[in-house]
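> Below is a structure I'd like to ask you about.
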Amino acid sequence: MDDSASWQFNSGIFHHSELDPKRSWQSACIQVEGLAALYQAWQGLNWAAFPQARIIDIKYLAEIEMFCVMRSTVAY
């Protein structure tokens, strides 16, 4: 993977018309090469602009390495 890759995220995608995207718990998983580079890109966001969201550190589990970006209905 090229560490200079530009990561983009479109938060406007929500494919469940029966749910309210502002009140529903949502998750998505992606598998990537170079998890650390993606994590650094996400860490670089201005998280103060997203008071209902937060990012956790990379977790190094036996079967997977992962990090989470979480959104709450209330500010963290």
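The values are calculated or read from the model by the stated rules, or taken from the named source; none is laboratory data. Values in this document were obtained by computation on a predicted structure and should not be read as measured data. All Cβ positions, even for glycine, are placed from backbone atoms using ideal geometry, and neighbour counts span all protein chains on display. Keep in mind that these areas ignore ligands, DNA and RNA; they rest on the heavy atoms of the full protein, side chains included. Shrake-Rupley method; radii C 1.70, N 1.55, O 1.52, S 1.80 Å.
> With respect to Ala48, determine if the residue is at pLDDT 75 or above and not in a loop (DSSP other than H, G, I, E, B).
On the way: at pLDDT 75 or above: yes; not in a loop (DSSP other than H, G, I, E, B): yes.
Taking the combined requirement at face value, the residue satisfies it.
> Pairs needed: first member in the stretch 33-55, among the charged types (D, E, K, R); second member anywhere, part of a helix (DSSP H, G or I); C-beta distance under 7 Å; at least 6 residues apart or different chains.
So the pair list comes out as Arg54/Trp47.
> Every residue in the stretch 49-64 that is open to solvent by 90 Å² or more (accessible area, probe 1.4 Å) and either of a type in the set (A, V, I, L, M) or in contact with a Leu (Cβ under 9 Å, 6 or more places away or on another chain) (or both), please. Steps first, answer last, please.
Kept after step one, since they are open to solvent by 90 Å² or more (accessible area, probe 1.4 Å), are these residues of the stretch 49-64: 50, 54, 57, 59-60, 62-63.
Within the stretch 49-64, Ala62 is the sole residue that qualifies.
> A follow-up question, please. May I ask you to verify whether Tyr39 is hydroxyl-bearing (Ser, Thr, Tyr), modelled with pLDDT of 70 or more and open to solvent by less than 60 Å² (accessible area, probe 1.4 Å)?
Working: hydroxyl-bearing (Ser, Thr, Tyr): yes; modelled with pLDDT of 70 or more: yes; open to solvent by less than 60 Å² (accessible area, probe 1.4 Å): yes.
The answer is yes for Tyr39.
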